[in-house]
1. Distance in nm between label sites at Ser344 and Thr165, each 7 Å beyond Cα in the beta-carbon direction?
2. Once label points are set 7 Å from the Cα along Cα→Cβ at both Val278 and Asp359, what is their separation, rounded to one decimal in nm?
3. What three numbers, in Å, describe the spread of the alpha carbons of segment 1-149 along their principal axes, ordered from the longest?
4. So how do Leu228, Leu341, Leu82 line up by other beta-carbon neighbours within 10 Å, fewest first?
5. Pulled fully out, how much extra length does the chain show between Ala260 and Ala50, if you take 0.36 nm times their separation in residues and subtract their Cα-Cα distance?
6. Using only Cα atoms, find the angle between the long axis of helix 224-233 and the longest principal axis of the chain, and express it within 0 to 90 degrees, rounded to the nearest 10.
7. Hey, what do the phi angles of segment 327-332 turn into as Karplus ³J(HN,Hα) couplings, whole Hz, using 6.51/-1.76/1.60 and θ = phi - 60°, x for Gly and Pro?
8. Relative to the longest principal axis of the C-alpha atoms of the chain, give the angle of the C-alpha long axis of helix 436-453, reported between 0 and 90° and rounded to the nearest 10°.
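Read the figures in this text as sums done on the coordinates, not as results from a lab. Because the structure is a prediction, the values reported are computed rather than measured. Neighbour counts are summed over all protein chains in view; Cβ atoms, including those assigned to glycine, are modelled from backbone coordinates with ideal geometry.
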Amino acid sequence: MNWTDYLDTHQSRFVDELVDFVRIPSVSADDAHKGDVVRAGEWVMNRLRAAGAENIVMMPTAGHPVVYADWLHAGADKPTILIYGHFDVQPAEPFDLWDSPPFDATVRDDKVFGRGASDDKGGMFIPIIAAEAMLKTTGRLPVNVKFFFEGQEEIGSPHLPPFVTEHGAMLKADMIFSADGSQWAEDQPQLITGLKGLVACEVTVTGARSDQHSGQQGGGIANPIQGLSQIIASMKGPDGRITVDGFYDDVIDLTVEDRAAFARIPFDEAAYIDALGVPDVFGEPNYTTRERLWARPTFELNGIWGGWQGNGIKTVLPAEARAKITCRLVANQKPDTIYALLKSHIETHIPHGLRARVDRLAGSADPFLVPSGHNSSTIAGEVLTEVYGKSPYITRTGGSIPVMTMLLNELGVHATVFAFGLPDENLHAPNEFFRLSSFRIGQTAYCRLLERLGE
């Protein structure tokens, strides 16, 4: 039996196993699910063991753990590849918007529905299955393989940098492939060559020592909600351009060739607007929507609150107001630099009579841009062409995978995204799902990739 026949014969079992995996509520953002993240890691360990991997271990960090395994018997003349993925998931709230419970995974319409099905449990399970198919049919892999799966990607991998630094020798590889990512469509592959970085902060504006009667004190002291609104309004213009001094200084702008490559990829802006239910697109002037999504930095409010939130009126002048801000970064911006610029701007623009505190939030990432002609990306593109029967689009994404730059900085190797989710699968939203067609084609693609790398 060859690996193709093995995959076909055992496909129903693989689907059942994926359903079991997705049913583990491994929400890394919620301390109540800390044990579930560990349980998901144990599931991964058991599954790697069943596949035939060796040296399987769960390793602690200051937060959620990581799982490592390997198979290193291909020989010194064969490359060593590192395959990355994550077994933690986003929170599933609001639960009432799900058609079926998010952690009671179900299969319907040839899709697995459940939180984490696409991001990234289905994705990271694929290379494990591929390794099993080869080991069970030939007894070996064409290359040396290391597996590196983490339990904190969805909170920005805050405790991973020291781990990667400490265990650089263990993770050392000639090539790195990320099983976290996506393809363009069911019938169209893509190679993602750029990921945005991330930095986040929380702003707290305070006034009086406690809430005050708005009739008695209104007009005599400053209002923190008003002050916070003024600060936020000063950071981004009505045209969408970010107005924080120095924010764009390190940005590598798009070349003529970059813009031409983006323009060659089909984009129906009217359909984009309709799908999102917005009146129109919006963003930084002099760039297309696609250019802004893929290759320009952003400044976004993720939450803002203060004062009375209940029904009716409570006539208070609130003591404080807060906002959470995230910025997606592009090469060569640095999270530390951008945070310092944000903090300086806020402290400079505090309205009279108020105080402001800026706290950096856990989780950050450097932007990631693969150089042209990159070796593993070239090979991955050729494999995708074979599997899909057409060349992949060369794209970027507004998302972040923090470990990519950690591994680059420590190992000196650019990772290649080789993953098979699709962008319409409700990642981070209610009714997340993963197509079984993508699950299956990904298994074939990883087997062919391993074979090609071993030639």
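1. Once both label points are built, they end up 2.5 nm from each other.
2. My value for the distance between the label points is 3.0 nm.
3. Here the Cα extents, ordered largest to smallest, are 53, 40, 19 Å.
4. Least to most surrounded, the residues fall as Leu341, Leu82, Leu228.
5. 70.9 nm
6. So the inclination is approximately 60 degrees.
7. 10, 8, 10, 10, 4, 10
8. It works out to around 60 degrees.
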